[in-house]
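In what follows, a structure is listed as C-alpha cells, so that the remarks can point back to it.
The values are calculated or read from the model by the stated rules, or taken from the named source; none is laboratory data. Worth saying up front: this structure is predicted, and the values here are computed from it rather than measured. In this analysis, Cβ positions are derived from the backbone assuming ideal geometry, glycine residues included, and neighbour counts consider all displayed protein chains. Surface areas here come from the heavy atoms of the whole protein model, side chains and all, with no ligands, DNA or RNA. Shrake-Rupley method; radii C 1.70, N 1.55, O 1.52, S 1.80 Å.
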Amino acid sequence: METKTLKKSVGNLGEDYSSRYLESRGYTILGRNVYVDKKEIDIIAEKDGVISFVEVKTRTFSSRYSTPLKVARPADAVSYKKRMNIATAALSYISQNGITKKCRFDVIEIYFSVLPDNTHKFYKINHIEGAFDANGNIT
C-alpha cells in the first residue's frame, strides 16, 4: 500500500475509534469529515449542550516496543495554521447552521501499535477538551 494511502487509512481508523470513544462517553456525533469553505473538521460532536469541533491525530509505533517511543505528542502536530483553519471552518459552520450553543475545540490523540502483519492494534486514546480557542491559541 502506498504511504499516502496507508496514512489516510490509519487516519480513518483513528477517526473511527475517536467517534466510538466519544459516543461511549455520551456524545452525539453530528458530522465527520465536514468540509466548510474547503477546510475540514474531523468530527463535530455534542454533549450536554456543548458542540465540540474535534481534530483527530493518529500515531503508530512498532509492536516490537511495548509503548510508543518518546516522540512529540500527536497534538503537537496541530499547528497554528491548522488550528486557525479549524476555527475558521467552525465559525462558518456555526453561522451557517444558526448555532447558539457553547462551542469548543478539542484534540483527540490516538495511538496504534503496528503488528508484524501490518495490521493495527489500538493502544491508547487521549481526549484534550478545549485544546485551543477560536483564535488558535493553545489553552
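Data overview
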quantity	calculated
Zone residues, the range 95-116, relative to Leu13, backbone N less than 11 Å from point 7 Å out along Cα-to-Cβ	111-116
For Gly136, residues with placed amide H under 5 Å, excluding near neighbours	none
Residues of the chain: accessible area per residue with a 1.4 Å probe, Å²	58
Debye log10 I(q)/I(0) at q = 0.16, 0.19 Å⁻¹ for the chain, Cα point scatterers	-0.83, -1.12
For the chain, built as a Gaussian network whose Cα springs stay under 10 Å, the top-fluctuating residue of Glu109, Glu15, Glu40	Glu40
The range 12-139 - share of DSSP beta bridges that are antiparallel (%, nearest 5)	65
Apportionment of accessible area to carbon and sulfur, the chain, percent (1.4 Å)	49
The chain: angle of helix 3-24 to the longest principal axis, Cα-based, in degrees nearest 10	60
Label point distance in nm, Asn135-Asp76, each placed 7 Å from Cα along Cα→Cβ	2.5
Tilt relative to the chain, helix 80-96 - C-alpha long axis, 0 to 90 degrees, to 10	40
Gaussian network model of the chain, Cα within-10 Å springs - most flexible of Asp37, Asp117, Asp16	Asp117
Residue among Arg104, Arg83, Arg25 with the largest mean-square fluctuation in a Gaussian network model of the chain, springs linking Cα atoms under 10 Å	Arg25
